[in-house]
Every structure is written in structure tokens, then in C-alpha cells.
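Undergrad: The following block contains the structure, expressed as C-alpha cells.
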Amino acid sequence: GAVVSQHPSWVICKSGTSVKIECRSLDFQATTMFWYRQFPKQSLMLMATSNEGSKATYEQGVEKDKFLINHASLTLSTLTVTSAHPEDSSFYICSARDRRPEAFFGQGTRLTVV
Amino acid sequence: GQNIDQPTEMTATEGAIVQINCTYQTSGFNGLFWYQQHAGEAPTFLSYNVLDGLEEKGRFSSFLSRSKGYSYLLLKELQMKDSASYLCAPEHSGSWGKLQFGAGTQVVVTP
């Protein structure tokens with residue numbers, strides 16, 4: 001299997017509130033999940049890598065206290081954008097891997113902070 | 001770290017062939033991925049090259065030269081639905097699964 005489901009597909013929230021995005025591997029067990037952010041007409045920027053049961057590893061420049069990642073099981077990882085601001089508006093995408101070389105991507109979540 | 005370079009945009013007509021080049025510099029290398037991304041959608045896997053040479057998969061082929069830090073994606077018999085961004089992603093050794101993407105090449109297919 002190779003299906004990764006991301007929820008919600010889009011969300012609008014008020015500035016200062018928090019938003020949780022879920023990433024689930026539906027038909028395989030993901031040993032590692034990755035979170036990316038993509039601004040319009042730009043490439044995917046890796047934010048963090050998460051392994052089940054351990055703390056996420058964040059890329060340089062990504063605030064771990066602002067982008068909380070939890071990888072509670074082999075099929076679920078969550079990204080919480082805390083105290084969201086308009087500059088956090090972006091397309092957030094997760095990907096998941098098992099033993100196969102390729103990563104499988106979720107559908108993405110378009111976050112708009114107003 | 002990695003330095004990934006690919007053209008910003010390429011235009012070609014339906015039925016034609018387009019070759020998207022990608023050069024990279026990385027300290028340690030496992031293999032190289034190509035992904036396709038339509039606007040507003042998540043990327044979909046196209047190919048993964050580990051060894052030097054050409055891998056053919058239907059209308060799409062991918063080539064890798066490890067010693068030159070070079071890869072290309074070849075799209076044949078272009079169709080309108082091939083209009084998308086094509087992302088080159090070298091995989092750094094020791095960071096299995098962690099992909100850093102190039103800026104992507106926007107391919108525009110015209111009638």
C-alpha cells in the first residue's frame with residue numbers, strides 16, 4: 001500500500017489560534033514521517049523529520065516550539081501550528097516512508113491565517 | 001548540505017520530448033528521486049536512481065551519473081496533462097528518507 005491521508009485539506013484560522021494537521025498512512029506502517037512547507041511558486045522546504053515514539057528532528061530555522069510534531073504511532077503524525085500568524089499561511093505537506101525507497105505524500109493542507 | 005540546480009521553466013508542444021537536467025552537490029549520496037507536482041497538489045513519485053545509467057518507465061526515463069553529480073528526466077510523447085512542476089531530490093546518505101527538493105522545473109505543454 002501507498003496511501004497517505006492528510007487532514008484537513010484546507011483550514012482558515014484566526015491569528016493567535018492553533019491549528020492541528022494530521023497525517024496518516026492508511027495501508028502501511030510508516031517508520032518515518034516528514035513535514036514540508038511550500039510557499040506559492042516555491043519548492044518544498046523540509047521542516048522536520050519524525051520517527052515513531054521519539055522527538056522530531058527540526059531543520060535549521062524551524063521553531064520547534066511553534067511547530068509541534070507528535071508521532072504517536074506508526075500510522076499517525078500530527079503537526080500543530082501554535083499561535084498562528086498570517087506569515088504562517090502556506091501549503092503544508094507530509095510524507096511517509098517504510099522500507100521502500102520512495103516517500104509517499106499526503107494531499108497537503110492549505111493553511112490561511114487571517 | 002546540498003546544492004540543487006534545475007531550470008526554472010521549459011515549454012514544449014504536445015507529442016514532443018523534453019529533457020529536464022538537474023545537477024547537485026551533496027556530501028554523501030544515496031540516490032536521486034524525481035517527483036511530479038501539479039499546482040496545488042502533493043508530489044507524486046516518478047523515479048528513483050541509485051546506479052549510473054538510464055532507467056526507463058513508459059514515457060518517462062531518468063538518467064543518473066554519480067561521478068558528475070548529474071541527472072536528467074526525459075519526458076517523451078508529451079501530453080497536456082504533463083504540464084506540472086518536476087522536482088529533483090537527491091537523497092543524502094545517512095539521512096535515509098530525508099529529501100531536500102530542488103526549486104522544480106515548471107513544464108508547460110502547449111497544443
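Undergrad: Among the residues of the range A:14-39 satisfying the criterion of being more than 10 Å from chain B (Cβ to nearest Cβ) and under 20 Å from B:PHE101 (Cβ atoms), which is modelled with the lowest pLDDT? Show your work before the answer.
TA: Keep residues of the range A:14-39 that are more than 10 Å from chain B (Cβ to nearest Cβ), which gives A:14-29, A:35, A:37, A:39.
Okay, now just the ones that are also under 20 Å from B:PHE101 (Cβ atoms), so A:21, A:23, A:35, A:37, A:39.
Values: A:ILE21: 97, A:CYS23: 96, A:TRP35: 96, A:ARG37: 95, A:PHE39: 89.
The residue in question is A:PHE39.
Undergrad: Is it the case that the range B:87-109 has a residue that's outside any strand (DSSP E or B) and acidic (Asp, Glu)?
TA: No, the range B:87-109 contains no residue that is outside any strand (DSSP E or B) and acidic (Asp, Glu).
Undergrad: For B:GLU56, all conditions in the list (1) acidic (Asp, Glu); (2) surrounded by 13 or more Cβ atoms within 10 Å (Cβ to Cβ); (3) out of contact with any strand residue (DSSP E or B) (no Cβ under 7 Å at 6 or more places or on another chain) hold save one; what is the number of the exception?
TA: Here B:GLU56 clears every test but (2).
Undergrad: Every residue in the range A:76-93 that is surrounded by 14 or more Cβ atoms within 10 Å (Cβ to Cβ) and either more than 13 Å from the chain's Cα centre (by Cα) or more than 21 Å from A:THR31 (Cα to Cα) (or both), please.
TA: Those that are surrounded by 14 or more Cβ atoms within 10 Å (Cβ to Cβ) and either more than 13 Å from the chain's Cα centre (by Cα) or more than 21 Å from A:THR31 (Cα to Cα) (or both): A:VAL81, A:THR82, A:ALA84, A:ASP88, A:SER89, A:SER90, A:PHE91.
Undergrad: Filter the range B:1-18 for residues that are in a strand (DSSP E or B) and of a type outside the set (Val, Ile, Thr); which is modelled with the lowest pLDDT?
TA: First pass over the range B:1-18, keeping only residues in a strand (DSSP E or B): B:2-5, B:9-13, B:18.
This time we only want the ones that are of a type outside the set (Val, Ile, Thr), so: B:2-3, B:5, B:9-10, B:12.
On the way: B:GLN2: 59, B:ASN3: 85, B:ASP5: 93, B:GLU9: 96, B:MET10: 97, B:ALA12: 96.
Among those that are in a strand (DSSP E or B) and of a type outside the set (Val, Ile, Thr), it is B:GLN2.
Undergrad: Quick one: A:GLN42 ticks every box in (1) within 14 Å of another protein chain (Cβ to nearest Cβ); (2) within 23 Å of B:ALA39 (Cα to Cα); (3) buried (at least 19 other Cβ atoms within 10 Å of the Cβ) bar one, so which box is it?
TA: A:GLN42 satisfies all of (1) within 14 Å of another protein chain (Cβ to nearest Cβ); (2) within 23 Å of B:ALA39 (Cα to Cα); (3) buried (at least 19 other Cβ atoms within 10 Å of the Cβ) except (3).
Undergrad: Can you find even one residue in the range A:6-13 that is within 13 Å of chain B (Cβ to nearest Cβ), more than 14 Å from the chain's Cα centre (by Cα) and surrounded by 16 or more Cβ atoms within 10 Å (Cβ to Cβ)?
TA: Checked the range A:6-13: no residue is within 13 Å of chain B (Cβ to nearest Cβ), more than 14 Å from the chain's Cα centre (by Cα) and surrounded by 16 or more Cβ atoms within 10 Å (Cβ to Cβ).
Undergrad: Okay, moving on. Hey, A:SER73 hits all of (1) in contact with a Lys or Arg (Cβ under 6 Å, 6 or more places away or on another chain); (2) more than 14 Å from A:MET47 (Cβ to Cβ) but one; which does it fall short on?
TA: In the conditions (1) in contact with a Lys or Arg (Cβ under 6 Å, 6 or more places away or on another chain); (2) more than 14 Å from A:MET47 (Cβ to Cβ), A:SER73 misses (1) alone.
Undergrad: Within the range A:16-37, work out how many residues are closer than 24 Å to A:PRO86 by Cβ and in a strand (DSSP E or B).
TA: So the count comes out to 8.
Undergrad: Do we have any residue at all in the range A:47-59 that's modelled with pLDDT under 95, assigned to a loop (DSSP other than H, G, I, E, B), among the β-branched types (Val, Ile, Thr) and surrounded by fewer than 21 Cβ atoms within 10 Å (Cβ to Cβ)?
TA: no
Undergrad: Hey, can you tell me all the residues within the range B:27-59 that are more than 14 Å from chain A (Cβ to nearest Cβ) and either in contact (Cβ under 8 Å) with a residue 12 or more places away in the chain or not in a loop (DSSP other than H, G, I, E, B) (or both)?
TA: B:SER27, B:GLY28, B:ASP52, B:GLY53, B:LEU54, B:GLU56, B:ARG59, listed by residue number.
Undergrad: What's the total number of residues in the range A:59-77 that are away from chain B (no Cβ under 12 Å) and without any contact (Cβ under 8 Å) to a residue 24 or more places away in the chain?
TA: Residues flagged as away from chain B (no Cβ under 12 Å) and without any contact (Cβ under 8 Å) to a residue 24 or more places away in the chain within the range A:59-77 amount to 10.
The values are calculated or read from the model by the stated rules, or taken from the named source; none is laboratory data. As the structure is a computational prediction, the values presented were derived from the model and not from experiment. Using ideal geometry, Cβ is built from the backbone for each residue, glycine included, and neighbour counts are taken over all protein chains shown.
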